[in-house]
Each structure stands twice: as structure tokens, then as C-alpha cells.
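Some notes on the structure that comes next.
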Amino acid sequence: MKQPKIIKVSGPLVVASGCRGAKMYDMVRVSEKKLIGEIIELKEDLAFIQVYEETSGVGPGEPVYLNNEPLSIELGPGLISSIYDGIQRPLNVIRNMSGDFISRGVDVPGLDYNRKWHFIPRAKTGQKVISGDILGTIKETVLIEHKIMVPADVTGEIIEIKEGDFTIKESVAKIKTADTEIKEVTLSQRWPVRKARPIKEKFAPHEPLTTGQRVIDTLFPVAKGGTACIPGPFGSGKTVVLHEFAKWADAEVIVYVACGERGNECADLLLSFPELKDPRSGRPLLERTVIVANTSNMPVAAREASIYTGITIAEYFRDMGYSVALMADSTSRWAEALREMSGRLEEMPGEEGYPAYLSSRLAEFYERAGRVMCLGSDSREGALSVMGAVSPPGGDLSDPVVQATLRVVKVFWGLDDKLANARHFPAINWLLSYSLYHENLEDFLKNKISEDFIVLRKEAMRLLEEEASLLEIARLIGIESLTFADRLILEAAKSIREDFLHQNAFHEIDTYTSLEKQYRMLKVILEFYRISKEKLKEGMDFDKIVKLPIREKISRLKYIEENKLQEFDKVQKELEDSYA
């Protein structure tokens, strides 16, 4: 077979001839520089290659080397607390090799081949095992126990398994399959990024993924195994909200994909995460986090790979039985990579130049989320939740990427630049946003928090909606023309907005609120409205109600510490006594 050669270079798209026998999405090395690429289209013996590195200086006539395997990543111990580029090259290793800038053609393994890990077997010699069974464990970090699983498509009897210190390429067990073939199991496995990892069964989510953000957990919750989209204009706080998620989300493993974001935002992420403490254990947050950093000044095409790399790593930890949360910031930049490649391939463009298959690609990505029964004989459950930021130009929600995303996700947190300009953060607009998980989570909230949690949430939303229509009327006829009952609704809604929904991400107490505290805060605010409404009917003066000293206490409820929730009982008692 003759050596494939480049016949055309157009930015990140390279066309090579002599590639008969190659397959779609096979990984290739382009030119003498050995740039990493992936075949995205085949026509007879021509291969159209998406190159994930800068192609300047590469020209026709240079060789292309076929790998005959799809773009894959290495999965095994050493993933946690790593920082990768879009194609799973560790940035700290590249920096030691080539300085502050990534040299082209750098070939670095995703995991350290020399480091030894202490493997403790769980399975025994002579035991029958199937795909997904846990053979043993490794203490990867203080927070994460890494489970070594039987690879997919391997079933048989363990004929050897040993405890000790091994590198990721050394055999720790031998399995004899039904056709008497001996399979050696190492601590790592390779997996193609575009192929979803297999599962036994997918279930409807039933438990909330708490984030500590009151507007999200109370009004628009996302479930463990759910999907959410957070679109908004520049400067409305998408990245801050996703950083808050990564810090506080009730997930055991966090995968953060910075896909085409600005370099300074990535730098902030990389500097802050090692210093942040995990709220549950007090350990550095990086000990349960994997970061895929692919900034806007890196080659555009690599953005497409970064999303798939991130979700494959997330699926791997989900298969161990963990609850995993993946943040993609942002899928708009990923869609721009699709648009760039589609244009270079001279495909018929869809809306606003995006390819016609944008919706199906987004759906493929989001449908890899879910609450699942993992492979294996121990019936363990795992959950993978996906949150994607979208950056439509000028915050235009009719943008094709936003619309295609909303068709597949179940939660929409619409950011509003008016709220951001008014310094109301998180700037999630409560009149635009929605969650389709309310029914799934009702039983959990009633049993674990309180029977009337759902009632309080509906009442709060009703007041916020009534406030919006009353403010429209007040603009026309003046606020003094409204009845005292309507003005009381405005006061109660203002209290919900300013004392409950507004949250300071940089205040050590206010940055995180447990579900229990959220419930108690809302209960006090709505109790104030209920009693005031009754007293107003009995003839109490409206101005007296509004100027009650207890309102100052209500505005400071957010600063009550999590271990002092009994203080809410005192405020409740004081509230009832205020009207005496």
C-alpha cells in the first residue's frame, strides 16, 4: 500500500490521497511534524482530516500516517487532579517539555506510565466475572477510590490476581474466557471518545443535584443524571455560575471542560481550584476534579475533541458507581468549530452558517448524561449530569445553538444582562427559566426536607409572577394608586428577590446554602407575607407592617451559618411577636 500524501491544506482541514481502507473517525498523524488529526469524511481514496493543531507550514506532498484506530483516550488512575488539553495531553508535562507554549506534534501519553499505584484486589482467584465487575481498588486521592473494572466484552474466570504496586501498563489479573483465551487486565484501558460507554439500563432521575445556589435548587432544580443549559450574553455571569457548580455541586467527581473560553478565565479556574477546599472533607477541590482546558487561542478544531474527551472521562467515573457532574463552558464555541469545519468541507450550510447536523450532534452529546445501572454483577448505580453554557451573540436566545440545546435539555437557566447590570447575581431570570424535573424530585423533597417545600416554592413563584404584572400597572398609574394588598405583594416579592434569590459568590457563608436552610429562609419570608396579609385585613396600618424591625432580621437570614439553623426558630418566634 502506497504512503498517503497531502494534496490540499485549508486551515485545520487537510485532504490526503491514498487512504483506501481507512475508516471514519480514525486518528492520523499529519506531515513530518506528526500533527494529530481525525478523519471526518472519506471519498474513494481521499481522506478529509480535521487537524487538532496549527497547520501553518504544512503543504501538499507531505506524508500522512494512518493509525487504524479511532481517536481514543487513556482511562485509569492518574486522571483525577490532571489538567489536559482538548486531546488528553497533560499540560504540566507539555510545559516541562516545550515551555509556556505547546509545541506542534508533541506526543505525550495521557497518564504517567512510570508511576506505581498500590492495587488492592476485591475479586478472588477462581471467581467468575463479567464486563464491568470490580476487580480491585486504588486510592487515587484522599477523596476518590479508583475502581479497576473488567474491560468491556471480557467475561470469564479469574486465574490470577495479585496485590502490590504496579504501573498502569503492568498486568494485575488474568481472566480465562469461555473460548480458553487468557486476557491480561492492566490498570488502564483505552476508549474511543465518540462512542458512549456501555450500560445495563437507564432510569428516570429522582434525586436533586444540589448546587448551593438558591435560585437553582429551589426554583429550577436539576436532577442527578440530568441535563441543563445556561445561555446568556457576555458579562452576565455564566462562568461564575459554572465555577460555583464545580465548587459546591453534590457530585463526587467533577469534570470541567473549558471549551474555547478566554485564556484569562481558564487561568482563573486553574489558579483557584487548587486552593479551594472541598466543603464536605476540607481537602483541596482538585482531588476530585479533572480539567480539560482548551482556550480560545488554541486551534479551533481541537474544541470538538475537548467535549468528547471530557464526557468520556466522566462516563468512566460514572461506571464506577459515582455521581459525576460535567460542566461544558461553552458549547457555542464547540459549535463554532463545527461551523468552521463544515465551511471548509463546502457542505450546504444550515441556519446562520451552522451545519445542518448541529442539532443531532448536540443531542448525541447530551444524551450521554443520565442515571444508569452500570455494567457488572453488583447492581451499582451511577449518574452523569451535564451542564452546558451557551454564549449566543448579544444574548439572543433565538440563536441556533440555544434553540438546538433547548430541544434536548430539561432545565433552562436564562441569564439576563439587566439583572447583571443591576448587580443581582446569579443573574438567572425567574420569569424566563424553567425546570422539567419538578415532578421527579417531589417525593425526595417531601421525604428529605419537608412536606410543604413544594407549596412554598409554588407560592414564591406566584408572588414573583404577580409582581411582574403589578409593576407594569404601577409604571402606568404610579405605585401609590395600587391597593395595600397589591403593595404588600410587591414587598413580599422584593424580599424573595433581594433576601433569597440574590446570592454573593464571594461571601464565605452566602456562597453556599443547603436545601434545609433554603427551605427555612423561604418559610420565614412567606410567613411574613401570610401574617401581614391577615393583619392588613384586620385593619393594621400598611406603613407599620412595612417598617417592622423584624424585616431587618429577615434580610440577614442568608448570613446564618449552616451549623446554627436553630436561629431560624428564634426569628420565626420574633416574627409572630412583632404583630402582637
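The values are calculated or read from the model by the stated rules, or taken from the named source; none is laboratory data. Predicted model, so just to flag it, every value in this text is computed and none were measured. All Cβ positions, even for glycine, are placed from backbone atoms using ideal geometry, and neighbour counts span all protein chains on display. Surface accessibility is based on the protein's heavy atoms, side chains included, excluding ligands, DNA and RNA. Shrake-Rupley method; radii C 1.70, N 1.55, O 1.52, S 1.80 Å.
Taken together, the residues in region 92-139 that are open to solvent by less than 80 Å² (accessible area, probe 1.4 Å), part of a loop (DSSP other than H, G, I, E, B) and of a type outside the set (A, V, I, L, M, F, W, C) amount to 10. If only residues of region 404-414 that are among the hydrophobic types (A, V, I, L, M, F, W, C) and under 17 Å from the mean Cα position of the chain (by Cα) are counted, the one that is surrounded by the most Cβ atoms within 10 Å (Cβ to Cβ) is TRP413. Does region 429-442 contain at least one residue that is over 27 Å from MET327 (Cβ atoms) and open to solvent by 40 Å² or more (accessible area, probe 1.4 Å)? No, region 429-442 contains no residue that is over 27 Å from MET327 (Cβ atoms) and open to solvent by 40 Å² or more (accessible area, probe 1.4 Å). Residues in region 545-563 that are in a helix (DSSP H, G or I) and either surrounded by 11 or more Cβ atoms within 10 Å (Cβ to Cβ) or touching a His at 6+ places or on another chain (Cβ under 6 Å) (or both): ILE545, VAL546, ILE550, ARG551, LYS553, ILE554, SER555, LEU557, LYS558, TYR559, GLU562. Of the residues examined, ARG280 is not one that is open to solvent by 10 Å² or more (accessible area, probe 1.4 Å) and either touching a Cys at 6+ places or on another chain (Cβ under 9 Å) or assigned to a strand (DSSP E or B) (or both). All told, TYR316 meets the bar of being closer than 18 Å to ILE144 by Cβ and among the hydroxyl-bearing types (Ser, Thr, Tyr). In the condition set (1) touching a strand residue (DSSP E or B) at 6+ places or on another chain (Cβ under 9 Å); (2) assigned to a loop (DSSP other than H, G, I, E, B); (3) under 27 Å from GLU207 (Cβ atoms), TRP430 is compliant with all but (1). When region 164-174 is filtered for residues that are among the charged types (D, E, K, R) and either surrounded by fewer than 14 Cβ atoms within 10 Å (Cβ to Cβ) or not in a strand (DSSP E or B) (or both), the ones remaining, listed by number, are ASP165, LYS169, GLU170.
Mind checking which residues of region 34-52 are over 18 Å from ALA305 (Cβ atoms) and either in contact (Cβ under 8 Å) with a residue 12 or more places away in the chain or open to solvent by less than 30 Å² (accessible area, probe 1.4 Å) (or both)? Selection gives LEU42, GLU44, ASP45, LEU46. Residue pairs whose Cβ atoms lie under 8 Å apart, sitting 6 or more positions apart in sequence or on different chains, and linking a residue in region 509-534 that is touching a residue at least 60 places away in the same chain (Cβ under 8 Å) and farther than 15 Å from PHE484 by Cα to a partner that is open to solvent by 50 Å² or more (accessible area, probe 1.4 Å) and assigned to a loop (DSSP other than H, G, I, E, B), are THR511/ASN504; TYR512/PRO279.
A quick yes/no check of all residues on (1) among the polar types (S, T, N, Q); (2) touching a strand residue (DSSP E or B) at 6+ places or on another chain (Cβ under 8 Å); (3) closer than 29 Å to TYR434 by Cα; (4) open to solvent by less than 10 Å² (accessible area, probe 1.4 Å):
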position	(1), (2), (3), (4)
ALA228	no, yes, yes, yes
ASP268	no, no, no, no
GLU275	no, yes, no, no
ASN294	yes, yes, no, yes
ALA305	no, yes, no, yes
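Screening ARG333, ARG318, ARG303 for residues that are in contact (Cβ under 8 Å) with a residue 40 or more places away in the chain, among the basic types (Lys, Arg), assigned to a helix (DSSP H, G or I) and under 30 Å from ASP133 (Cα atoms) leaves exactly one candidate, ARG318. Farther than 29 Å from TRP248 by Cβ and under 23 Å from the mean Cα position of the chain (by Cα): does that describe LEU338? So LEU338 fits the description; yes. Contact map, region 85-99: residues that are in contact (Cβ under 8 Å) with a residue 24 or more places away in the chain and closer than 19 Å to SER72 by Cβ paired with residues that are of a type in the set (A, V, I, L, M) and open to solvent by 30 Å² or more (accessible area, probe 1.4 Å), Cβ distance under 8 Å, separation 6+ or inter-chain. Pairs shown: ASP85/LEU91; ASP85/ILE102; ASP85/MET298; GLY86/MET298.
Report the residue count in region 11-33 for those that are in a loop (DSSP other than H, G, I, E, B) and farther than 10 Å from VAL64 by Cβ. Final tally of qualifying residues: 9.
Scoring ASN447 on the criteria (1) open to solvent by less than 40 Å² (accessible area, probe 1.4 Å); (2) within 25 Å of LYS517 (Cα to Cα); (3) without any contact (Cβ under 8 Å) to a residue 24 or more places away in the chain leaves a single failure, condition (1). If you go through region 175-190 one residue at a time, do you hit one that is open to solvent by 70 Å² or more (accessible area, probe 1.4 Å), closer than 22 Å to ALA314 by Cβ and within 30 Å of the chain's Cα centre (by Cα)? Within region 175-190, one or more residues are open to solvent by 70 Å² or more (accessible area, probe 1.4 Å), closer than 22 Å to ALA314 by Cβ and within 30 Å of the chain's Cα centre (by Cα). Just checking, does region 349-367 include any residue being touching a residue at least 24 places away in the same chain (Cβ under 8 Å), in contact with a Cys (Cβ under 7 Å, 6 or more places away or on another chain) and among the hydroxyl-bearing types (Ser, Thr, Tyr)? No, that holds for no residue.
Candidates in region 34-55 are the residues that are within 22 Å of ARG339 (Cα to Cα) and part of a loop (DSSP other than H, G, I, E, B); of these, the one that is farthest from the chain's Cα centre (by Cα) is THR55. Screening LYS517 against (1) more than 30 Å from ASP543 (Cβ to Cβ); (2) touching an Asp or Glu at 6+ places or on another chain (Cβ under 8 Å); (3) open to solvent by 20 Å² or more (accessible area, probe 1.4 Å); (4) of a type in the set (Lys, Arg) leaves a single unmet condition, (3). For region 470-487, a residue qualifies if it is assigned to a loop (DSSP other than H, G, I, E, B) and open to solvent by 70 Å² or more (accessible area, probe 1.4 Å), and exactly one does: THR483. Considering only residues of region 384-395 that are touching a residue at least 40 places away in the same chain (Cβ under 8 Å) and open to solvent by 10 Å² or more (accessible area, probe 1.4 Å), which is farthest from LYS238 (Cα to Cα)? Only one residue fits best here, namely GLY394.
Scanning region 325-380 for residues that are in contact with a helix residue (DSSP H, G or I) (Cβ under 6 Å, 6 or more places away or on another chain) and open to solvent by 60 Å² or more (accessible area, probe 1.4 Å) yields a total of 3.
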